[in-house]
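See below for the structure under consideration.
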Amino acid sequence: MRLVIRDDYDEVTNYVANYVKERIRQFNPTTENPFVIGLPTGSSPVSVYKVLVEMYKAGEINFENVVTFNMDEYVGLPRDHPESYHSFMWKNLFMHVNIKPENVHILDGNAPDLDEECKKFEAEIARVGGIELFLGGIGPDGHIAFNEPGSSLTSRTRVKTLAYETIIANARFFDGDVSKVPKLALTVGVATVMDAREVLVIITGAHKAIALANCIEGGVNHMWTVSAIQMHPKGLIVCDEDATLELHVKTVKYFKSIEHVHQSLIGPENLSLQGGVKQLRKVVVSSRSQTPLNGPYEE
C-alpha cells in the first residue's frame, strides 16, 4: 500500500486528477478495450471532477472509451432529484465531457426489484472485464461507499440500511429535515471495490484523521471498512497534512522518505505511475575512484 501526503486539499485534488488522466492515457483505451473506472460521490471527489473537466476542455483527456461504475445511490429518490447521485455525477462530470451515456453505470434506486438490480450491476462489471481503477473517498468513521462500520469485508453490491448517524449527517442536503433523508441505499460492497485492479482513496481533513490512522496503523477491521485496502496489491491513499494528525510521527516520516527515495535517488523517469521501479538510475563509475588522496584520474 502506498500513502502519498500532500500539503492541502488542492494539492491532493491536482495529484489525483493528474493520476487519473495519466492512467487513462497510458492505458490507451479503445472501443474494444475501454478503461473501466469506479467513481464516488460526496465532497472528496468534487474538485477532482472539476479539474478533470478542465483537462478535457484543454484536450488533455478523452472519455470516449471510458466506462464508469458509480459506488452507490439512494433508494426511492427520483433520479432527477438534485441530491440523487445520478444528478450529482451528471452535474459535476458527465455532462461536461465526451463520455457515452451507454458507458455510464449508476445503480437504480427505483428499480422494481432492488436485489436483482444489484446482481445485474455486479454482472455488468464482470462483463466488461472488471474495474481497472476504483476511485473512492471515506467518511469520518472510515466507511467506503455505504459500507458502514460492521459491514462484511467480503460484501458485494446490495441494499444497505443507513446508520442513524449517516441519516443525521445527510440531513444538511435535505433542508435539515431528517424525514426527507432516504433510509436505504444501494451500494457496491467492500469486495466489489477491492476486486478492482487498483484502488485509490482520497482522505482529507482533520475530521478524517482517526479514520486514516486506523486504516494505516490498525489491523484490517470491518469496523473501519476502508482498512481492507491493506490487503490490496495496488492500494493507494492520497491525503493532506491535516488527515495525518493522528498518525505516529514515524509513520508519516516513513511514507515521506519512500517518496523522497523515489523522486530524488531512483528518479521519476525510472518509476511507473503506480510506483513500480522500471529500472535503476544508471551511474557511470570511473575505473579509478577519485578520492581526496589521489585526486581526479588522469589519462
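Candidates in region 55-92 are the residues that are of a type in the set (A, V, I, L, M, F, W, C) and touching a strand residue (DSSP E or B) at 6+ places or on another chain (Cβ under 8 Å); of these, the one that is farthest from Asn14 (Cα to Cα) is Val75.
Take Glu122 and decide whether it is acidic (Asp, Glu) and without any contact (Cβ under 8 Å) to a residue 12 or more places away in the chain. Considered against the rule, which asks whether it is acidic (Asp, Glu) and without any contact (Cβ under 8 Å) to a residue 12 or more places away in the chain, Glu122 comes out as no. Considering only region 1-36, how many residues are assigned to a helix (DSSP H, G or I) and either in contact (Cβ under 8 Å) with a residue 40 or more places away in the chain or open to solvent by 30 Å² or more (accessible area, probe 1.4 Å) (or both)? Residues meeting the conditions: 17.
Here is a yes/no grid of residues against (1) closer than 27 Å to Gln274 by Cα; (2) polar (S, T, N, Q); (3) touching a residue at least 12 places away in the same chain (Cβ under 8 Å):
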position: Ile144; (1), (2), (3): yes, no, yes
position: Glu165; (1), (2), (3): no, no, yes
position: Phe173; (1), (2), (3): no, no, yes
position: Asp177; (1), (2), (3): no, no, no
position: Val181; (1), (2), (3): no, no, yes
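Only one of the numbered conditions (1) open to solvent by 80 Å² or more (accessible area, probe 1.4 Å); (2) assigned to a helix (DSSP H, G or I); (3) acidic (Asp, Glu); (4) in contact (Cβ under 8 Å) with a residue 24 or more places away in the chain is violated by Glu269, and that is (4). Is it true that Ala243 is assigned by TED's automatic domain parsing to the domain that holds Tyr19, farther than 29 Å from Glu122 by Cα, open to solvent by less than 10 Å² (accessible area, probe 1.4 Å) and at pLDDT 95 or above? Yes.
Would region 68-84 turn up any residue that is farther than 24 Å from Ala145 by Cβ and in the same structural domain as Ile237 (by TED's automatic domain parsing)? Within region 68-84 (the criterion being farther than 24 Å from Ala145 by Cβ and in the same structural domain as Ile237 (by TED's automatic domain parsing)), the answer is no, since none of the residues qualifies. From the list Gln263, Gln230, Gln274, Gln279, the lone residue that is modelled with pLDDT under 95, within 18 Å of the chain's Cα centre (by Cα), among the polar types (S, T, N, Q) and surrounded by fewer than 19 Cβ atoms within 10 Å (Cβ to Cβ) is Gln274.
Consider region 43-87 and keep the residues that are over 21 Å from Asn33 (Cα atoms) and acidic (Asp, Glu). The one that is surrounded by the most Cβ atoms within 10 Å (Cβ to Cβ) is Glu73.
The values are calculated or read from the model by the stated rules, or taken from the named source; none is laboratory data. Bear in mind the structure is a predicted one, so any value in this text is a computation, not a measurement. Here the Cβ is made from the backbone with ideal geometry for all residues, glycine too, and neighbour counts use every protein chain on show. Note: accessible area is taken over every heavy atom of the protein model, side chains too, but ligands, DNA and RNA are not part of it. Shrake-Rupley method; radii C 1.70, N 1.55, O 1.52, S 1.80 Å.
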